[in-house]
Amino acid sequence: IGLHEIEELFAEQIVDEEALQWSEREGAVLARLRRRLGALLLEDKPLASPHADKLKAAMIEGIRQLGLGALPWSDDLARWRERVAFLRTQDESWPDLSDEALLESLDAWLAAFLDGVSRRSHLARIDLAAALKSLVPWEKQRELDRLAPTHVEVPSGSRVPIDYANPAEPTLSVRLQEMFGLLDTPRVAGGKVPLTIHFLSPARRPVQVTRDLASFWANGYKAVKAELKGRYPRHYWPDDPLIAEPTARVRPR
């Protein structure tokens, strides 16, 4: 029996289907048009214009296999996500942007941004920032800079970035001389969470860690001064750090 006879005899049972599947080897969605009689494949050929929703679904499956690292992250966007993750540790009404949560809900937040995307090389086109920020309600986006600022202005006048990589312990790495005169530890989350301060030497090497500035000035500063003054004699090592002039230079002007 030939194809012509099959099509005549079983016309009502023959179905046309679009088969879209992510190919790890090709790094692309393969789209085929197939005609079937049950399990019998009668025709199989490339599909030039696949259904958009089916294409997106196959691409999402490909992204799940590739992992979120395949998406076009920028440093700024990665830091933005860390800030949201920190705020979620304080208030669970902030969205969960963990890798697990994002991968599980890809079709909900990323599908709308996959128009024309069918290959791994196309992922660079995605507006990932817009896609992720769509998960954060507008009123919370307005609160983000207040509750989890990107920088702190220290007494020397420098704007020092806050590191939220560990959401349980946001940190500020700053040279010791830039913090003279500041008694209270800088805080985030509306004043609820003190920053962990990593004091740096003039060569920007870590020398001390504290979450309690007042205690450090009273109990730890003298030992740090004694250790570093011999190594950095040209730098400013006042006896009383609470009345000393903060500086980002070797010495105050």
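Just to verify a result, which residue in the stretch 170-189, among those that are over 17 Å from L200 (Cβ atoms) and free of Cβ contacts under 8 Å to residues at least 40 places away in the same chain, is surrounded by the fewest Cβ atoms within 10 Å (Cβ to Cβ)?
The residue in question is D184.
Within the stretch 125-138, can you find the residues that are surrounded by 14 or more Cβ atoms within 10 Å (Cβ to Cβ) and under 23 Å from L30 (Cα atoms)?
The one that is surrounded by 14 or more Cβ atoms within 10 Å (Cβ to Cβ) and under 23 Å from L30 (Cα atoms): I126.
Among the residues of the stretch 204-231, write down those that are open to solvent by 80 Å² or more (accessible area, probe 1.4 Å) and basic (K, R).
Hits for the stretch 204-231 are R204, R205, R211, K222, K229, R231.
Which of the residues that make up the stretch 10-27 are over 15 Å from P50 (Cβ atoms), open to solvent by 80 Å² or more (accessible area, probe 1.4 Å) and either touching a helix residue (DSSP H, G or I) at 6+ places or on another chain (Cβ under 7 Å) or part of a strand (DSSP E or B) (or both)?
Correct list: E24 only.
Pairs needed: first member in the stretch 220-248, over 17 Å from Q208 (Cβ atoms); second member anywhere, in a loop (DSSP other than H, G, I, E, B) and modelled with pLDDT under 95; C-beta distance under 7 Å; at least 6 residues apart or different chains.
Qualifying pairs under 7 Å: R234/V250; E245/P252; T247/Y236.
Do the conditions hold for A52, that is, is it touching an Asp or Glu at 6+ places or on another chain (Cβ under 9 Å) and on the phi < 0 side of the Ramachandran plot?
Yes: the conditions hold for A52.
Take the residues of the stretch 61-79 that are of a type outside the set (A, V, I, L, M, F, W, C) and outside any helix (DSSP H, G or I): which is least open to solvent (accessible area, probe 1.4 Å)? So that I can check it myself, show each step before the final result.
Quick first cut of the stretch 61-79, residues of a type outside the set (A, V, I, L, M, F, W, C) only: 61-62, 64-65, 67, 69, 72, 74-76, 79.
Retained after the next criterion (residues that are outside any helix (DSSP H, G or I)): 67, 72, 74.
On the way: G67: 18, P72: 44, S74: 56 Å².
So, considering only residues that are of a type outside the set (A, V, I, L, M, F, W, C) and outside any helix (DSSP H, G or I), the one least open to solvent (accessible area, probe 1.4 Å) is G67.
Going by the structure shown, is E17 within 30 Å of G67 (Cβ to Cβ) and of a type outside the set (A, V, I, L, M)?
yes
Looking only at residues in the stretch 80-124 that are assigned to a loop (DSSP other than H, G, I, E, B) and among the charged types (D, E, K, R), which one is most open to solvent (accessible area, probe 1.4 Å)?
The residue in question is E92.
The values are calculated or read from the model by the stated rules, or taken from the named source; none is laboratory data. Owing to the predicted nature of the structure, the values given are computational and were not obtained by experimental measurement. Counting neighbours? That spans all protein chains shown, and the Cβs are built from the backbone with ideal geometry, glycine included. The area values use the complete protein model at the heavy-atom level, side chains included, leaving out ligands, DNA and RNA. Shrake-Rupley method; radii C 1.70, N 1.55, O 1.52, S 1.80 Å.
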